[in-house]
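A short worksheet on the structure shown next.
Read the figures in this text as sums done on the coordinates, not as results from a lab. Computed from a prediction, not measured in an experiment: that's the story for all the values here. Note: ideal-geometry Cβ built from the backbone for every residue, glycine included; neighbour counts use all protein chains shown.
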């Protein structure tokens, strides 16, 4: 019986899982790259600590065992997954100059990066649906968003986003690659890998566009429709105070949407209209796109959500510095 890898090699492809790629530091700053990336690594750690704190606060405070905070936990887990998928590789490259990475390792990292990237808008869509029910149909909020249904939503998001990538990632080991194996970022990205391939990559490109259109497109459309219904319901409220109170329940979610979509649009514009610009711009924009949501989401949640803010203050002030609960209450009243 002929081995499978021999059949692949017989079709002029190379099936080499041990192929090495070389990750890239910031061009032109090789002598100080470890200093340049200290702020980035600090921000990564801030994001992980912030999201872990949100999860701890929601888990320990029974008053936060509500649909809105369950979805917030999903968002924090997604952000942490993105951090864990990228941070170790960034540390290896910029602090230890370990630029070599095997193909299998690269594929695994791509899988997790893109899976969590697809999960982010899906979770934001679930949060938009939560706000839609809370504002447009508040009397049936508890009956529609039961804990069991929230679990179903979370499992559905996980399955939906985890099955999209293997279709194109399994093709990568069958490609024949050109002599240059230098990637353009400090972590593995699909567009980087396929640009180095000397094989036909049309399927990967078309399927990638299909995934973006189906996942990001449908989720974005769902968020837009949810807020269209929310605005229609809010405009039907007679009092100005009632309108503002209803909209204030969406402000943290709107901030999370801006935090995700603004860097993404900026990255797309750079790839589309600044293809021949300095590599530093592309590297920085890619890091900003991956880094900003992870860091800012817990900060926005702690500022905009009173219960989360109080939980943060209890952990970082009361436990660590021995401040009284009276001061905690006074601090909270300022907001």
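Can you give the relative contact order of the stretch 14-304 as a percent, counting alpha carbon pairs under 8 Å and 6+ residues apart?
30
Need the full-extension length gain, residue 55 to residue 243, defined as separation in residues times 0.36 nm minus the C-alpha distance. One decimal, nm.
Gain in length upon complete extension: 64.7 nm.
Subtracting the Cα-Cα distance from 0.36 nm times the residue separation, let me have the gained length for residue 158 to residue 221 in nm, one decimal.
Here the answer is 20.7 nm.
Taking 2.2 N^0.38 Å as the expected size of a compact globular protein, what ratio does the Cα radius of gyration of the stretch 76-195 give against it, to two decimals?
Against the compact-globule rule of thumb, the ratio is 1.39.
Listed highest first by mean packing, meaning other Cβ atoms within 10 Å per residue, what order do 215-226, 135-146 come in?
Answer by packing, highest mean first, reads 215-226, 135-146.
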